[in-house]
Structures are given as structure tokens and as C-alpha cells.
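The values are calculated or read from the model by the stated rules, or taken from the named source; none is laboratory data. Here the structure is a predicted model, which means the values were calculated and not measured. Glycine also receives a Cβ, built like all others from the backbone with ideal geometry; neighbour counts cover every protein chain displayed. Each accessible area value is taken on the protein alone, full model and side chains, heavy atoms only, with ligands, DNA and RNA left out. Shrake-Rupley method; radii C 1.70, N 1.55, O 1.52, S 1.80 Å.
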2 protein chains.
Amino acid sequence: MTRRDFINHTGSGYMAMLGLGLLNAAPLHAMELPGKISGKKVIILGAGLSGMATAYELGKLGYDCTILEARVRAGGRVWTVRGGTLETEIGGAPQTAKFESGLYLNAGAARVPHNHEITLHYCREFKIPMEIFMNVNEGAYFYSEGTGSLSNQRTKIREIHTDMRGYTSELLVKALDQSALDEQMTKDDVEKLVAYLKDEGDLDVLKKYKGSERRGYKKQGGHGVNPPEPAPAHQLQEIIRSGFFHPAFSNIGEYTFNQQPVMLQPVGGMDAIPMAFAKRLEGKIQYQSEVLEIRKTQPGVKIVYKDKAGVSRELKADFCVCTIPLPVLKNIQSDLSSEVRRAADFVPYMNTGKIGLQFKRRFWEEDDRIFGGISKTNMDITQIFYPSYNFLGEKGVLKGYYNFHDRAAKLGELSIADRQKVALEQGRKIHPQYDQEFEHSFSLAWQKIQYSQGGWAEYSESARKKFYPALIKPDDEIYFAGEHTTYLTAWMAGALTSARAVTEALHKRVSQS
Amino acid sequence: MTRRDFINHTGSGYMAMLGLGLLNAAPLHAMELPGKISGKKVIILGAGLSGMATAYELGKLGYDCTILEARVRAGGRVWTVRGGTLETEIGGAPQTAKFESGLYLNAGAARVPHNHEITLHYCREFKIPMEIFMNVNEGAYFYSEGTGSLSNQRTKIREIHTDMRGYTSELLVKALDQSALDEQMTKDDVEKLVAYLKDEGDLDVLKKYKGSERRGYKKQGGHGVNPPEPAPAHQLQEIIRSGFFHPAFSNIGEYTFNQQPVMLQPVGGMDAIPMAFAKRLEGKIQYQSEVLEIRKTQPGVKIVYKDKAGVSRELKADFCVCTIPLPVLKNIQSDLSSEVRRAADFVPYMNTGKIGLQFKRRFWEEDDRIFGGISKTNMDITQIFYPSYNFLGEKGVLKGYYNFHDRAAKLGELSIADRQKVALEQGRKIHPQYDQEFEHSFSLAWQKIQYSQGGWAEYSESARKKFYPALIKPDDEIYFAGEHTTYLTAWMAGALTSARAVTEALHKRVSQS
């Protein structure tokens, strides 16, 4: 929900004030609902971003909120792994991260799109220092495993990008020059388009693509008598047959709305965001409290949970906001409607995994001049992320893989040691320095992480139609929040948006009763 | 000069060591020439990057270096303007910057390309903290002044980029489908290329471009029943006729080798680099020492200069390294060869100007969600740069223009007050918030900055042929360094490269004599 939507929905005085020019239409704005409530108890299930934002916003309005959190920490899937972090996956062996002080792996949420105003709003409200998350790097590599002449070797991304823009521009210019297209374009428009394509593709005077300085040099120009020598272009056929049109190499980070430049990250780790919420909710979060039952008391709710001593306890309240991920919720006994339970059973969740690899030396910066960004491959590791912090420092932690679907399922099934083995074996094809510089790793498969059991809700069109409606309305006194209750699945902005929506709906109901 | 070139040139033991695997081929490496010299005096003219790097490298070899610097500060065109910075342009009125503490304007060098290994090497050697300089931002604006239907209004860059990729992909697919191009492409290759173009342009099942979520939404999807609504595409004709093919809107930052992602900047201002050199050259830089004459003493050199008291003094040495920019050098009396003097007279230098505008509020972040990057326009201001630091902070300093050639000459001719007026009048068309939020400015025109008198050497092909050779060889005992003595003009890497080349040449001569 954008602030504007929010304003429209709530019908507060904002629109009038905006109209009168009394307020800037600044999108990064605190939620300010009218009215003050007392004596209303709300139990929130889960101290992830949606649960904490709900408690924070309801708290401002006077609600008495208690969050039950199964883990020892807040943040849910917004989780920064540092030296000392301990995790045991479902059915797995305990694993402790040994990352050097100052180095970390954002195991879940790792980037804030510039378009996600609600996330940026909270970062600003909490004065969280932000820095650029570099999501695109022309100096990183493509590695296409296959049978083409450019396969099985690393290739600078800039080479493929420049060559493809060159060839496609050349081909289109040729079609336009031959009037091969029966478009309703004037001669003047065609001329302008051809000039644009010459620039876009860096074509020569004959409108041919013959390589470009954009793709890099055989010999860079410096001091002395020799001018720079551009490296020759790859042939179009070579590029096509070497597999670079595989979706693995798509320009996701360059083009998609939620990933295109600019992206941001909190300085020092993404958990700065949940920590900022948790700080403001001191005493309201009960950790190590695993929900066993969700009961309706008509009116009201009763939650049965296991406390940190393993003792079963119950808590009653007027309302409940359930943010428990659906794959976890489906195994909790409850009085939830059959509609909600069907959603919990059938909304698909993403398999996804990451590994953090600590190296003695930041060879990707020192040797390859890669500062942030992503190398891409059609191998199981899918991508290697270079850290966007601590540039030119001593050691560093790479994200050695970040994968999805079947590949993530496959790697997730492996032992911790075997995941590391795959990450190193495949990664060294792109960075042979792996052999000499590797120290240790920490990996995770979200589908096997207790209390999450998946990366995020991954709605198909039919799942959205069938199951989503049950999650965006209250089930008697029980509301649902979390990324899975929005169109912004997988993003912190989804979690935060849902928190505001639930706060608004619940508050409206209480205010009008 | 790359390290590899350097190794080849010097013929030191490096190649053997590399061959034996005793050294990593790490490009970011300190210069380590063999031999130790004593009793050789070198006068270096100018404490810019090239002069200081030369003194630093020669100093490591035992040379006795003195730098004469006309200004009160080191760094030359690597200059960070902060609150309190005072500057009086040639023929201009004194101007003092009033920027809030922590805010600054990198008046000269402002970005470090990831490809410039020599610059990054020194940043690493000096342990200068680096952060991302965001050079590309799809969320910034294009503003095309003109007569088209999209002219005279700001347009998100992502809209034009997405639409153009869509239309050009659609057109090329059509040509390929019609076999309109008599290319030597197999059916299979054509099919793969069409699939690639569908992805590249985000075409629909009928291979038409009908807009894309990549370009943004009329209504972003959040919580609730309404899915996101993409905004409709602009028409191709509209884009063409609204002037977006003007070079002002070219994808310089996206495509060119020296500007494509990733770029970096020192935390806190670019002058961290010259300050790091100056710290290591304490006692060797004589400030406020303006060179009046450069004389040959056969052998040796004599430099006549005016000290800070205005007293004319002279200094003798075995060698001189002259880094004075050519437009300044041409007005200094000297025994330089006619070849060098012709170069000083005729190598063209760039007119270029910048203005820093301080605003009360970071409205570009708060209202427009622009974090770093550049808005582009065909107006005189040419571009607006958004700072890549202090995100979501209180106040901010924008680069209100950064222009070149005639536009820079025109704005440079204006009074300080009138430059500000133009920057505000044109900038407010992109950001109407200018009116309410502006506080104060600091502007400069490099062609009018004393001791620089230009942005950088801008060689035409014929100027490179005629004048450059004289600058890359010694004129008796006088050597030349600075960006103008390289193919990397305008970049710090050029200055640093020239310093290493001169150090090497001079040391070789001394070692062999």
C-alpha cells in the first residue's frame, strides 16, 4: 500500500491537507491513524518484519500487543549470519558460522529496492545508515556450461552485453534501411531511429558492428606511444551457441522494477531493520515461544504455546495477528477456517538456498576488480554475489550461491559439507583463486529452516485466485500478515505493507465497534 | 601502464617469479623498482595527483624531491569543496562555500571506475575507505526541452529505456520472422535470437511490445484485492519526436568502459586520495609557490618561483618533472623545446563546470526515491547528480549541473549569482521542490580556475598526432606528467599512470648513467 492509497483508504485529513498544500506529498511518511485505544489485547504470532511492524503501529495507537516468537531472535527471514551464529536445519546437523568480525551473510532479505518506499520509510524513521547494494556489475562474469566456443570459460558480462547490443542494432538498422518493415514510420522517424541504433550499438560509419571499446581492451591505453587496443568482438553465432540466451543470463538486475538500479542495504547487515523494531518493542516479544494451537474463543482468541522451558502455556486476547509462514502454519492445530487452512496447505513456497564463503583475500577485487554485483551461470550455484561493503579490505565473504526451485532443492538435500564442496567446485571455474584462498562457509536451505520452511510464497495465477482471498481478510478475530498476504511476495516491503493494512483494518474495526 | 606492462618494461625479476608461481598476478600492486639512489635532486612542479605520485615513487627509490605547488592545498583538480572552501576564479569575485558539515562537492574528479586498477591500487595502499558511486539510476529523470508530446516534462528513465528496448526488439523480431534479413543465420539460431529478443524487450506472446512492468506502475501492487497495474507504454513515435535520441540521453554511464557499473568513491570526499599522498610527502611540498620560469642549466634545471611572501626565489636540481596543465604552462617563461611549447599552446582543454546546491531536505530521496545516479536533460545544466552518500539524512548537496564545451563556457561566463539562477531555473523543471528547499550554492568553471584553466586535455585525432609525442619524452632533464601526457585524459588513473611512467624512465636513466 502506498501512502497515497493509505490516505485514500483511511479518509483522514491528509487529502484535504495535501490539497491545501499544507503537506508535502512526501512518500516516506510515518503511519498516523486517528484515535487512541486502551484495554485491547492483541497477540501477534511471529517477530518477523510483519509481526513487529504490526506491534509497533498498533502500539502507537494504544493496543496492548504481545508477540510470540519461536526463535531466540527477531527478524524471521530477515536474518544476518555472523561469526557465532548457530543454526540447525530440520533433519540437519548443527552449524556455526565462523565469519571474521565485520563480515556477514544476509541469509534472507539482502537488498532494498529504491522503489520500496515503505521499507525506506522505516529505515529513515529508525535512522538506519544505508549504503548502496550493487546489484549490477558489467565487470563480473558469465559462465555458461555447454558446448559452444565461449562455453566453459568465464566471460566478462560487458563483452556479451556490448556485442549483443551491437549485433541487434546492426540487424535492425539493416531492416530499416531496406524498408523491410512495413511500419507506419515516416522517413524522418526512421532516420532518427537509425541514428539512435548507431549510438545504442556503437556501430561504425557503415552501420556495422565491429566491436567496441565498451567491451574492454586487449591493451588498455596509458602513457606512451601506443593507443588503446580494443579487444575483438565475439561472433553473434558464438554467443547464441554458447548458451548466453539461457534465462540464467537475463538482465534481471538491470531491467526488473524491483531490482533495477538503485538498490540499498543497511550498513553492517540487513538485521539492522529487525533490530530497530525489536528495540522499540522491548518487553513485548516473548522469545522461544513456539505456537502449538490457535483457538477462537468467540469472541477473542486463545493461543497455546510452548515456552522456553518446554512448558505448555496459553495466552488470551481480543485479537490475533498471525504472521506464521504457511508451510509452518499448516502443521499447527487451530480453529482456522477451512479456507485459510486450504491456503496454508496449498500455497507453494520457494525453495531457495545461499552459502557464504569466507576467503583470506578479496581476490575478486584485487585480481578481477569486481566490487559488488553478481556473476551468473547456468550451473547449480546460479550466481555468485560479491559483497557491497568493506571494499579493498582484508578478508571477505562471498555469496557462493543463491539459487531457486529444483537447484535449491537439490543443494538443500546435501549435507553442509557437500554443499560447500559443490559451491567450491563450481565457483572455482569462475574464480580459480577459490582453491588457494578459501577458509570456511555457512550454508542454508530455507525450505529446511525451522519456523520458515520456505523462502517466500510463490503464487501461481491459480493459487493467487484460489487461496489468496482468504489471507487478506480476518478469520473472525484472527488477521493475517506477512509477505504471503500481499502482491509483494518475497520482499520486506510486502511484510511491512501487510502490517500497515492489518493495523488499519483492525483499528477501524475497533474504532467503529 | 598496467602492472603487466610495467613488469615487461622493467625486466625485473617479476616475470620469473610470476612464472614460478611465487607471486599472484594481482593487478593492484605497489611499484617496486630495483636499486636505491642517493644525492639526486628532483623538482616537481605541481602537487596534483601526478606530481605527488611521482614524488612518492621517486622518494621510495631515494631521490630527493621537492614539489612546488602554487596553491595553498594539494590535489589540483582532485578537489573537494566543503563549508569554508574559498575560491576566486580568474576575473571573478571571491566565493566561500557554506555547505553543512559532512556535505561536500567533489568539484573535479568524482568517480573511480572499477577498471582503473592503478587508482584503486593507491586507495588500497593508503587504506582509503571506499564506497559505491552510483552512476546509473533508472529511477532518475530525463527532461527533454522541445516540442514533442513527452517534452517539457520529467520522465522516469526506466520508462524510456524499457519502451525503447521493447520497440526495437519487436521490430527486429518482425524482420527476423519475415526473413527480411538475408543473414547467414540458421533457422535454429534465428529462433534463439527471437527468444532472446522476447526476453530483452519483454514482448508478449504475439511478440509485440505492449508495455511492461519494468517501466513502473500506475498502481503498485500491495496488500489487498487489487493486483499491480502497469503504466501504459509511451508510443515509439512520441519518444522519437520528444527528443530522447539526443546525445544528452545516451547511456554513457551504462555502456562506456570507464563509466559502466561499478564505480567507486572515497568515503567523505575524493580529496582523501590527494590528502593520503600529501601526508606521505610531509615537508616535501612547498605551497603557495608559483612557478615563474623553467630553465635548463645543462645539465640540470633551475626553477624560478614566487614564494608565499611574493619574493622571487630559485631552486636547482638534477631533474624536473613538470605536471603543470598546458593552458598554465604556456604562460610560463621557459627554455622548453619549441615542440613542447607548441603542445602547450595548441592542445585543446575542456571547458567544464559544476555547481553544488545545498537543500534543506533530501527531497529527491524522500519524494522521488532517487538515491545517487544522474538525471539528464538537453538544457544547459546537462545533468543533475544525486549524492551517493548520507542517504536518508537531513540536508544534502546536489550537483545541480555538470556540463561541457559551449554550455560550460556559457555558464562559466556568468556571475556566481547568475549561474545559481540558471541552475535553479532549469533544475526546478525537473524538481519543483527546488523553490522551497534551496539554501545556497557553490559553483566553478574549470577554465577560469587559477593554476588549472581547463578541465582536462581533450585531444582531437590530429592534436594527438601533432602534439602528444613531445609530452611523453624528456626535454633534456625535464619530464612531463599529468593526465594530458596519457591516453587516459580526464581521469586520475591517467595522472597516476603518467607518474609511474616518468618515475620508471627517470630512474632507468639515472641507474644506467
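Mind checking the mean number of beta-carbon atoms from other chains within 10 Å of the Cβ atoms in B:231-238? Walk me through the numbers before you get to the answer.
Working: counts 0, 0, 0, 0, 0, 4, 4, 0.
Mean partner shielding for this stretch: 1.
Work out which residues of segment A:115-154 lose at minimum 10 square angstrom of accessible surface when the other protein chains are put back, relative to the chain isolated, with a 1.4 angstrom probe, and list them by number.
For segment A:115-154, once contacts with the other chains are taken into account, A:115, A:117, A:120, A:124, A:127, A:130, A:132, A:134, A:136, A:137, A:138 lose 10 Å² or more.
At a probe radius of 1.4 Å, figure out the A/B buried accessible area, summed over both chains, and give it in Å² to the nearest 100.
Numbers: alone 23710 and 23770 Å², together 39160 Å².
Roughly 8300 Å².
From the residues B:118, B:136, B:86, which one has its Cα farthest along the dipole of segment B:80-158 in the positive direction, the dipole being from +1 and -1 charges on Cβ of Lys/Arg and Asp/Glu about the Cα centre?
B:136
Rounding to the nearest 10 and keeping the result within 0 to 90°, find how far the Cα-based axis of helix A:461-471 lies from the longest principal axis of chain A.
Around 30 degrees separate the two axes.
Nothing charged except the Cβ atoms of Lys and Arg (+1) and of Asp and Glu (-1): what's the magnitude of the dipole of chain A about its Cα centre? Round to the nearest 20 debye. Spell out each step's value before the answer.
Values: 65 positive and 60 negative charges, 235 e Å.
Dipole of chain A, to the nearest 20 debye: 1140 debye.
Of all DSSP beta bridges located in chain A, what percent are antiparallel, nearest 5? Please report the intermediate quantities before stating the final value.
Details: 50 of 69 bridges.
Bridges in chain A are about 70 percent antiparallel.
Say a label goes 7 Å from Cα toward Cβ at residue A:450 in every copy; what distances in nm does this one have to the rest, shortest first?
Copy-to-copy label distances at residue A:450, shortest first: 7.3 nm.
Kindly provide the helix-only [θ] at 222 nm of the protein assembly as shown, computed as the sum of -39,500 (n - 2.57) over DSSP H runs of four or more divided by all residues, to the nearest 500 deg cm²/dmol?
On the way: 34 runs with 334 residues, N = 1026.
About -9500 deg cm²/dmol.
Can you tell me the equivalent ellipsoid semi-axes for segment A:411-487? Use √(5λ) from the Cα gyration tensor, largest first, whole Å.
Values: eigenvalues 321, 38, 20 Å².
Ellipsoid half-lengths, sorted descending, are 40, 14, 10 Å.
Net charge around residue B:190, counting only other residues with Cβ within less than 10 Å of its Cβ (Lys, Arg = +1; Asp, Glu = -1)? Display every interim value, and only then the final one.
Values: positive: B:187, B:192; negative: B:177, B:183, B:188, B:189, B:191.
For residues surrounding residue B:190, the net value is -3.
Averaged across the residues of A:166-176, what count of C-beta atoms belonging to other chains lies within 10 Å of each residue's C-beta? Mind dumping the intermediate values first?
Numbers: counts 0, 3, 10, 2, 2, 10, 11, 1, 6, 8, 4.
For this peptide, the per-residue mean of nearby foreign Cβ atoms is 5.
If packing is taken as the mean number of other Cβ atoms within 10 Å per residue, what is the order of B:109-116, A:356-363, highest first?
On the way: B:109-116: 23.4, A:356-363: 21.9.
Most protected by this proxy first, the peptides run B:109-116, A:356-363.
Peptide B:188-198: average number of partner chain Cβ atoms within 10 Å per residue?
Working: counts 2, 5, 1, 1, 7, 8, 1, 2, 9, 5, 0.
For peptide B:188-198, the averaged partner shielding equals 4.
With the Cα gyration tensor of chain A in hand, give its eigenvalues times 5 under a square root as the equivalent ellipsoid semi-axes, listed largest first in whole angstrom. Mind dumping the intermediate values first?
Values: eigenvalues 425, 171, 88 Å².
Here the semi-axes work out to 46, 29, 21 Å.
Relative contact order for segment B:150-245: what percent, with Cα pairs under 8 Å and sequence separation of 6 or more? Working shown, then result.
Numbers: 109 pairs, mean separation 32.9, N = 96.
Relative contact order here is 34 percent.
Taking the alpha-carbon centroid of each part, what is the distance from segment B:450-500 to segment B:125-163 in angstrom?
Answer, in whole Å: 32.
Starting from a label point 7 Å past Cα on the Cβ side, list the distances from residue A:195 to the same position in the other copies, nm, shortest first.
3.8
Please report, in debye to the nearest 20, how large the charge dipole of the protein assembly as shown is about its Cα centre when each Lys and Arg carries +1 at its beta carbon and each Asp and Glu carries -1 there.
Working: 130 positive and 120 negative charges, 369 e Å.
Taking the Cα centre of the protein assembly as shown as origin, the dipole is about 1780 debye.
From the gyration tensor of the Cα coordinates in segment A:248-330, what semi-axes in whole Å does the equivalent ellipsoid have, largest first, with each one equal to sqrt(5λ)?
Details: eigenvalues 272, 66, 35 Å².
Over the Cα atoms of segment A:248-330, the semi-axes work out to 37, 18, 13 Å.
Place the label 7 angstrom along Cα→C-beta at residue B:30 and in each other copy, then list the distances from the first to the rest in nm, shortest first.
Values, ascending and in nm: 5.2.
Considering only protein heavy atoms and a probe of 1.4 Å, how much of the accessible area of segment B:273-421 is carbon and sulfur, as a whole percent? Numbers along the way, then the final one.
Numbers: 2650 of 5820 Å².
That fraction is 45 percent.
If packing is taken as the average number of other Cβ atoms within 10 Å across a peptide's residues, how do A:406-414, B:398-406, B:481-489 rank, most packed first? Could the numbers behind the result be given before it?
Numbers: A:406-414: 17.3, B:398-406: 19.8, B:481-489: 27.6.
Going by the mean number of other Cβ atoms within 10 Å, highest first, we get B:481-489, B:398-406, A:406-414.
Given 37 °C and 0.692 mPa s, compute D for the protein assembly as shown with the Stokes-Einstein relation, Rh being the Kirkwood radius over Cα pairs; round to the nearest whole µm²/s. Could you put the intermediate results ahead of the total?
Numbers: Rh = 31.1 Å.
Answer, rounded: 106 µm²/s.
Order the peptides B:428-435, B:496-503 from the highest to the lowest mean number of other Cβ atoms within 10 Å of their residues.
Details: B:428-435: 17.6, B:496-503: 29.0.
For the peptides B:428-435, B:496-503, the packing ranking is B:496-503, B:428-435.
Over all directions, average the projected area of the Cα convex hull of segment B:150-245 and note it in nm². Display every interim value, and only then the final one.
Working: hull surface 31.3 nm².
If you wrap the Cα atoms of segment B:150-245 in a convex hull and average its projections, you get 7.8 nm².
With +1 on each Lys and Arg Cβ and -1 on each Asp and Glu Cβ, how big is the dipole of segment A:128-271 about its Cα centre, in debye rounded to the nearest 20? Mind dumping the intermediate values first?
On the way: 16 positive and 21 negative charges, 109 e Å.
For segment A:128-271, the charge dipole is close to 520 debye.
Out of the DSSP beta bridges found with both residues in the protein assembly as shown, what percent are antiparallel (nearest 5)? Each step should come with its number before you reach the end.
Working: 102 of 140 bridges.
Looking only at bridges with both residues in the protein assembly as shown, the antiparallel portion is about 75 percent.
If I take every Cα pair under 8 Å that is 6 or more residues apart in chain A, average their sequence separation and divide by the length, what percent do I get for the relative contact order? Numbers along the way, then the final one.
Working: 1040 pairs, mean separation 102.2, N = 513.
Relative contact order here is 20 percent.
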